[in-house]
Amino acid sequence: MSPFNKVKELAHTIKARLYDNNLREAKSKYVARPEIEGHIGIDEVIDSGIARGDIIGNSWDAKLHVRGFLRETVRLLLAGYSVNLFYFHLSPSITGTFDSPHEPFDKKKHGITIRFYIQGTLRRIIEEEARVVIQGLANTQGFIEKIYDISSGLFDEVLTPGHSIRIIGSRLKLLGDGTEEVGVFFLNALGQRFKTLEISTNKAGLLMVRVPDNLPAGFYTVGVVTQYLKGNKLLKKAHVISSPVRLEVKG
């Protein structure tokens, strides 16, 4: 069976909710955003593949081999290679500008990123097999669209303790009636909860806060706790608006 047919069997429906379209001169009222089913990693993907029969052999060996493959992929990417992985390919890219032909690369001014390009096979699968089912209007009490780590220049990937992040979304403004604690919190897998103490921008569509200095290494969900609804209106109780992805604090 070809790789294309294998993946066709795995294609499933993406559920989505509708949000207000706030773009200027927008012709349509709503935009769709996927409902994230969960956060999974290498181990979960391999366990799923073994359960389905798509991956044959020992689970431990498969996980070991995949991690080795990914390490080698990263090594080659950072050696200047463009890596074709059949469904997509990855290529290194350099950000920032240079003032002269002799200016060296400076990590304070320049950066290295990895570009992701969809290949034709995956594009055909998306066009022919993937489906989206609209689940209706979303909870309009706010959402986090993306988080920008200013120190690293990355979206939705890392948190840098002691540096600022921008939280971009809707109805995020930190506002309360004094009966409940509001703020921006960082929650890790151990259940530890850290609150930011510095907020430099507090708007409905944008929060800029300082990541606490004492965050241990690990993965974190960012939560905005607020009673803000819109204008001068408050919700009766504070609610949590959580980031759709987990962000890593590196050790």
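What ranking do T95, T226, T160 get, fewest neighbouring Cβ atoms within 10 angstrom at the top?
Numbers: T95 10, T226 26, T160 17.
Listing T95, T226, T160 from fewest to most nearby Cβ atoms yields T95, T160, T226.
Starting with the fewest neighbours, write out E44, E25 ranked by other beta-carbon atoms found within 10 Å of each beta-carbon. Walk me through the intermediate numbers first.
Numbers: E44 11, E25 4.
Listed from fewest to most nearby Cβ atoms, that is E25, E44.
Once both axes come from the Cα atoms, what is the angle between helix 59-77 and the longest principal axis of the chain, in degrees from 0 to 90, rounded to 10?
Roughly 80 degrees, rounded to the nearest 10.
What order do you get for 229-236, 192-199, 170-177 when each peptide is scored by the mean count of other beta carbon atoms within 10 Å, highest first? Don't skip to the answer; put the middle values down first.
On the way: 229-236: 11.9, 192-199: 13.4, 170-177: 18.0.
The packing order, highest mean first, is 170-177, 192-199, 229-236.
For A189 and K15 in the same chain, what is the full-extension length gain: residue separation times 0.36 nm, less their Cα-Cα distance, in nm?
Values: separation 174, 0.36 × 174 = 62.64 nm, distance 2.57 nm.
Answer, rounded to one decimal: 60.1 nm.
To the nearest 500 deg cm²/dmol, what mean residue ellipticity at 222 nm is calculated for the chain from DSSP H runs of n ≥ 4 alone, each contributing -39,500 (n - 2.57), summed and divided by the residues? Kindly include the intermediate steps, with their values, before the conclusion.
Working: 4 runs with 47 residues, N = 251.
Result for the chain: -6000 deg cm²/dmol, rounded to the nearest 500.
Sorted from fewest to most neighbouring beta carbons within 10 Å, what does the list L187, L159, L206, L137 look like? Before the final figure, lay out each step's value.
Numbers: L187 18, L159 24, L206 14, L137 11.
Arranged by neighbour count, lowest to highest, L187, L159, L206, L137 become L137, L206, L187, L159.
Just how many % of Cα pairs in the stretch 141-249 lie over 20 Å apart, if you round to the nearest whole percent?
On the way: 1908 of 5886 pairs.
When all Cα pairs of the stretch 141-249 are counted, 32 percent exceed 20 Å.
In whole Hz, what ³J(HN,Hα) sequence does the stretch 190-199 give by Karplus (6.51, -1.76, 1.60; θ = phi - 60°), x for Gly and Pro?
Coupling constants for the stretch 190-199: 7, x, 6, 10, 10, 10, 6, 10, 10, 10 Hz.
Just need the Rg to Rh number for the chain, please, alpha carbons only, Kirkwood Rh. Could the numbers behind the result be given before it?
Numbers: Rg = 21.3 Å, Rh = 21.4 Å.
Result: Rg/Rh = 1.00.
Report, to the nearest 10°, how far helix 42-52 tilts away from the longest principal axis of the Cα atoms in the chain, using its own Cα long axis and a range of 0 to 90°.
60
Take every Cα pair under 8 Å in the chain that's 6+ residues apart, average their separations, divide by the length, and report that relative contact order as a whole percent.
Values: 441 pairs, mean separation 40.1, N = 251.
Over the chain, the number comes to 16 percent.
Determine the gain in length on full extension of the stretch S242-A26; use 0.36 nm per residue of separation and subtract their C-alpha separation, reporting nm with one decimal.
On the way: separation 216, 0.36 × 216 = 77.76 nm, distance 2.69 nm.
Gain in length upon complete extension: 75.1 nm.
How much net charge surrounds P212 when only other residues with a Cβ under 13 Å from its Cβ are counted (Lys, Arg +1; Asp, Glu -1)?
Working: positive: R193, K195, R210; negative: E198, D213.
Net local charge, P212 excluded: +1.
Throughout, read-outs are computed from the coordinates displayed, never taken from laboratory work. What you are looking at is a predicted structure, and each value in this text was computed from that prediction instead of being measured. All Cβ positions, even for glycine, are placed from backbone atoms using ideal geometry, and neighbour counts span all protein chains on display.
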